[in-house]
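Remarks on the structure that follows.
We did not get these values from a lab; they are worked out from the coordinates using the rules stated. In this text the structure is predicted, and so the values were computed from the model without any measurement. Cβ sites come from the backbone with ideal geometry, for glycine too, and all protein chains shown count toward neighbours.
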Amino acid sequence: MQLDDATDSTTLSYWLNWRVYICVVSVLLSMILACLTIWKRESSRNLTFDNGENQSTLCGDEAWKPCLKDIHPVCLLVFRVISFSSLLASLIAKIHVSHGTTFYYYTQWTFTLVTIYFGCASVLSVYGCYMYRKSTSTTLNDNIARIDAEQGPNVPLLHQDATNIQKNQIAPVWSYIFQILFQISAGAVMLTDCIYWLIIFPFLTLRDYDLNFMTVNMHTLNLVLLFGDAALNCLRIPWSGMSFFVLWTGVYVIFQWIIHACVSIWWPYPFLDLSSPSAPLWYLVMALMHIPCYGFFMLILELKHYFLSKWFPSSCQC
């Protein structure tokens with residue numbers, strides 16, 4: 001969709017007005033508040049990192065462990081590999097068709113992020129399957145049995161130590177990065193698809209908008225696969241994780257401002273056009289949409305954990 005701007009965005013008159021000031025202040029203020037939230041969260045996290053009650057951290061095996069014991073980790077691995085392959089193939093095809101201009105859109109930013117998420121998830125699942133197989137191998141069982149026989153009264157402690165060693169194999173930094181990718185993807189995918197199907201598709205299809213298979217695929221495949229992974233994994237997202245989502249969107253908006261300040265080009269989304277008298281209102285609406293989009297995904301996860309703990313109390317690993 002290429003719509004000509006009513007005003008040349010490279011002129012000073014385009015930027016030096018009250019509408020732009022309000023939009024810039026609102027975006028920068030949101031990003032500053034997000035950074036402060038992250039800083040506060042990390043300060044608290046450093047004090048309680050070893051406390052299992054802190055939901056903002058990962059134990060390590062949560063990155064690859066399925067939500068139920070009856071589900072083998074290799075099932076999650078297969079799903080993630082297929083998802084990564086599908087997303088990567090779609091992304092490469094889109095880049096080829098658009099000749100590299102695909103990253104001009106927020107949709108492709110998010111699609112690329114989800115692809116990276118599933119790539120990291122696949123690697124972690126491979127590692128998890130290796131650890132799972134190693135922990136259940138006969139060699140490990142024989143060693144534990146031999147030590148148990150020698151130590152006698154310390155049997156429970158030895159089993160607990162073996163489990164703790166397994167859970168802390170994955171470096172915390174990789175688990176933390178993986179958690180951030182999941183939190184950003186959760187909100188960004190919901191925001192992308194909601195804006196497309198609720199705003200762009202109903203109201204802009206008649207304005208020379210090209211609707212094809214690739215466009216529909218880019219706005220559905222990411223959500224379907226991410227929900228599928230969320231249904232199988234043990235990850236949870238706290239409210240504070242929305243700060244990363246806000247920063248992600250803020251960086252994209254600033255990216256668009258820089259491009260339009262240097263080159264007179266169409267806006268990928270008309271509601272980002274700062275020349276419109278209703279621009280501050282549109283920016284406010286987009287900002288407020290972050291809350292229900294992130295909150296809805298978080299609600300789905302919480303409902304999943306709640307019902308799994310009720311229906312499968314002995315098998316639930318969340």
At what distance in nm do the modelled label points of ILE71 and SER85 sit from each other, each positioned 7 Å from its Cα along Cα→Cβ?
2.0
Of 281-292, 176-187, ordering from highest average Cβ density within 10 Å down gives 176-187, 281-292
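Which order do the peptides 91-97, 217-223 come out in when sorted by mean C-beta neighbours inside 10 angstrom, highest first? Write down the numbers at each step before the final one.
Values: 91-97: 14.0, 217-223: 19.3.
Per-residue Cβ counts within 10 Å, averaged per peptide and sorted highest first, yield 217-223, 91-97.
Return the Rg/Rh value of the stretch 229-318, two decimal places, where both radii are evaluated on C-alpha atoms and Rh is the Kirkwood radius.
That ratio equals 1.18.
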Scan around TYR269 for amide H atoms under 5 Å from its own, H built in the peptide plane at 1.01 Å from N, and keep only partners 5 or more places away or cross-chain.
none
I want the local charge near GLN183. Using Cβ-Cβ distances under 12 Å, sum +1 for each Lys or Arg and -1 for each Asp or Glu among the other residues.
+2
